[in-house]
1. Find me the longest stretch of the chain that has none of the exposed chymotrypsin sites (Phe, Trp or Tyr not before Pro), where exposed means in a DSSP loop (not H, G, I, E or B) with at most 13 other Cβ atoms within 10 Å.
2. Running a GNM on the chain with Cα contacts under 10 Å, which residue among Gln48, Gln56, Gln12 ends up with the highest mean-square fluctuation?
3. How much solvent-accessible surface does Lys7 expose, in Å² to the nearest 10, with a 1.4 Å probe and all protein chains in place?
4. Give the lysines reachable from Lys40 as a straight Cα distance under 28 Å; neighbours fewer than 8 places away on the same chain don't count.
5. Step through the table entries Lys34/Lys79; Lys16/Lys41; Lys41/Lys79, compare each Cα-Cα distance with 30 Å, and write down the pairs that go over it.
6. When only alpha-carbon atoms are used, what values of Rg and Dmax, in angstrom, describe the chain?
7. Would you work out the charge dipole size for the chain about its Cα centre, treating the Cβ of every Lys and Arg as +1 and the Cβ of every Asp and Glu as -1, and quote it to the nearest 20 debye?
8. Could you state the accessible area per residue of the chain in Å², with a 1.4 Å probe and every protein chain left in place?
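The values are calculated or read from the model by the stated rules, or taken from the named source; none is laboratory data. These numbers come from a predicted model, not from an experiment. With ideal geometry, Cβ positions are generated from the backbone for all residues, glycine too; neighbour counts draw on all protein chains shown. For the accessible areas, the whole protein counts, side chains as well, though only heavy atoms, and no ligand, DNA or RNA atoms are used. Shrake-Rupley method; radii C 1.70, N 1.55, O 1.52, S 1.80 Å.
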Amino acid sequence: MDLQTRKISFVQEFLKLQNEEIISALERILQKKKTELTEKKFTPMSMQELNDEIDQAMDDITHGRVIEVSELRKKYQQKWK
């Protein structure tokens, strides 16, 4: 059974549930697994990477490759309307 078929089957079974305790348990499992997957994606920066990022930011400031916060807000407010 492929993943899409399994998901559909799971959702169908989930919709049949009438027990709030089971639904709560499934919600907790889902949240826990999503958190675990998210945390695995994040790896700490090395000191060298951090210093490189700071150097790049300072260079961007020096060469005018920046945007004002107010301009950035305007730009994204227009996109989300």
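1. By the stated rule (loop sites, at most 13 other Cβ atoms within 10 Å), 1-41.
2. Gln12
3. Probe radius 1.4 Å; accessible area of Lys7 about 100 Å².
4. Those lysines meeting the cut-off are Lys7, Lys32.
5. Checking Cα-Cα distances, Lys16/Lys41 exceed 30 Å.
6. Answer for the chain, Rg first and Dmax second: 22.7, 62 Å.
7. Value, rounded to 20: 600 debye.
8. Counting only protein heavy atoms, the per-residue value for the chain is 101 Å².
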